[in-house]
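Chemist: Can you keep this structure in mind? I'll have questions shortly.
Bear in mind that the values in this text are calculations on the coordinates, not laboratory data. Nothing here was measured: the structure is a model prediction, and the numbers come from that model. Note that each Cβ is placed from the backbone with ideal geometry, even for glycine, and that neighbours are counted across all protein chains shown.
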């Protein structure tokens with residue numbers, strides 16, 4: 001809450017910290033990750049700021065905080081280079097707990113580029129959640 005207040009009402013908790021809030025991974029982030037508008041101040045010790053664009057469909061409320069959605073969070077951590085085994089764990093937990101569908105994960109990965117699409121597909125394949133009908 002303090003991190004969100006420090007970065008302003010247009011910011012959202014994201015990346016690894018969002019994974020922790022959703023209890024999707026064993027990741028231990030060294031900093032609190034927050035996605036902020038490009039005009040936001042960059043001076044916040046202890047915070048890891050990201051300036052990715054996000055819209056209303058990318059944000060939800062979790063425990064009173066604006067947080068990137070589960071699908072957006074997983075796509076963001078893939079793009080940021082989180083270890084594949086932690087991504088796979090997050091995908092498995094999210095799908096198993098009914099927080100997101102494989103179809104939504106693939107759709108969210110699609111505009112993020114070939115690397116994100118490839119890693120998302122591989123994670124879904126490894127947990128047995130990729131149907132043969134899903135496009136490559």
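Chemist: Per residue of the chain, what 222 nm ellipticity follows from adding -39500 (n - 2.57) for every DSSP H run with n ≥ 4, rounded to the nearest 500?
Modeler: Details: 6 runs with 59 residues, N = 136.
After summing the helix terms and dividing by residue count, I get -12500 deg cm²/dmol.
Chemist: Which angle from 0 to 90°, rounded to the nearest 10, does the C-alpha axis of helix 84-96 make with the longest principal axis of the chain?
Modeler: 80 degrees
Chemist: Additional query: Over the chain, what is the relative contact order in percent, taking alpha-carbon pairs closer than 8 angstrom and at least six residues apart? Show your work: numbers first, answer last.
Modeler: Details: 188 pairs, mean separation 29.1, N = 136.
Relative CO of the chain lands at 21 percent.
Chemist: On a 0 to 90° scale, report how tilted helix 70-80 is relative to the longest principal axis of the chain, with both axes built from alpha carbons and the result rounded to the nearest 10.
Modeler: Around 80 degrees separate the two axes.
Chemist: Can I ask one more? Starting from the Kirkwood radius over alpha-carbon pairs of the chain, derive D by Stokes-Einstein at 20 °C in a medium of 1.002 mPa s and give it in µm² s⁻¹.
Modeler: Values: Rh = 15.0 Å.
After rounding, the answer is 143 µm²/s.
Chemist: Using a/c under 1.5 as the rounded threshold, could you call region 41-113 rounded, prolate or oblate? The axes a ≥ b ≥ c are square roots of the C-alpha gyration tensor eigenvalues, and prolate needs a/b larger than b/c, oblate otherwise. Don't jump to the answer; show the numbers that get you there.
Modeler: Values: a/c = 1.59, a/b = 1.43, b/c = 1.12.
Since a/c reaches 1.5 and a/b is larger than b/c, the shape of region 41-113 is classed as prolate.
Chemist: Related question: What is the spin-label model distance, in nm, from residue 53 to residue 84 if the labels are put 7 Å beyond Cα along the C-beta direction?
Modeler: A separation of 3.1 nm, rounded to one decimal place.
Chemist: Connecting C-alpha atoms closer than 10 Å in a GNM of the chain, tell me which of 25, 11, 38 has the biggest fluctuation.
Modeler: For the chain, modelled as a Gaussian network with Cα springs under 10 Å, the answer is 38.
Chemist: Just to verify a number: FRET efficiency for residue 122 and residue 38, C-beta to C-beta distance, R0 = 25 Å, to 0.05? Numbers along the way, then the final one.
Modeler: On the way: r = 31 Å, r/R0 = 1.26.
Efficiency, rounded to the nearest 0.05: 0.20.
Chemist: Can you tell me what share of the DSSP beta bridges in the chain is antiparallel? A percent to the nearest 5 is fine. Don't skip to the answer; put the middle values down first.
Modeler: Numbers: 6 of 11 bridges.
Among the beta bridges of the chain, antiparallel pairing accounts for roughly 55 percent.
Chemist: Would you look at the GNM of the chain, springs on alpha carbons closer than 10 Å, and say which of 63, 125, 93 moves the most?
Modeler: Of 63, 125, 93, the Gaussian network model singles out 63 as fluctuating most.
Chemist: Cα axis of helix 114-126 to longest principal axis of the chain: angle in degrees, 0 to 90, nearest 10?
Modeler: 60 degrees
Chemist: Could I ask something else about it? Using a 7 Å offset from Cα along Cα-Cβ at residue 10, what residues in region 67-81 end up with backbone N under 20 Å from the label point?
Modeler: Residues passing the 20 Å test: 67-69.
Chemist: Report the FRET efficiency, 1/(1 + (r/R0)^6), for residue 2 and residue 28, where r is their Cβ-Cβ distance and R0 is 22 Å, rounded to 0.05.
Modeler: The pair residue 2/residue 28 has a calculated efficiency of 0.70.
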